Amino acid sequence: AVLGDAVMGTDGVLPMVSWAYHSPSTEYEYDGDKAKAILEEAGWEWDSQGRLLYEGTPLVLDLFTPDGRYPMDKEIAAVIQQSVADLGITAEISVMEWGAFLSAVIETRPNQRLPNTYKIRIIKYDIR
């Protein structure tokens with residue numbers, strides 16, 4: 001773990017300390033083999049290099065993170081990148097200063113770069 005025991009895990013998009021937090025009725029443990037089985041069932045496949053493909057196109061995540069807004073934000077993005085790489089998913093990290101990051105978060109146009117390319121953003125996490 002990048003921050004050891006200093007970070008609380010969460011089971012949703014809101015931190016557990018938020019007034020709006022609601023515990024989900026079902027909790028899921030990470031199971032990489034099950035994730036791969038679900039992806040295969042949905043029509044995804046892996047090429048000889050281990051990349052996850054749908055109809056021949058690799059899955060790419062554009063991972064945006066602010067630079068220095070949160071403790072170790074770039075390092076946490078690298079951990080996410082490695083975690084999804086274990087499933088054959090490419091994550092391309094974009095480290096941005098805070099103003100540019102906010103503009104990227106607000107942007108509502110779909111990604112025109114490639115099919116099967118999705119944008120994800122590190123918005124916030126809580127330190128104990």
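Every number in this text was worked out from the coordinates using simple rules, so none of it is lab data. Keep in mind that this is a model prediction, so the values were computed, not measured. For neighbour counting, all protein chains shown are included, and Cβ atoms are generated from backbone atoms with ideal geometry for every residue, glycine included.
In table form, for the structure just shown:
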quantity: Within region 23-100, GluC sites (Glu not before Pro) in DSSP loop having at most 15 other beta-carbon neighbours inside 10 Å; calculated: E27, E29, E55, E97
quantity: Computed E for I93/A37 - FRET, C-beta separation, R0 25 angstrom, nearest 0.05; calculated: 0.35
quantity: W46 long-range amide H proximity, modeled H, under 5 Å; calculated: L53
quantity: Amide H partners (placed H, <5 Å) of D11, local residues excluded; calculated: none
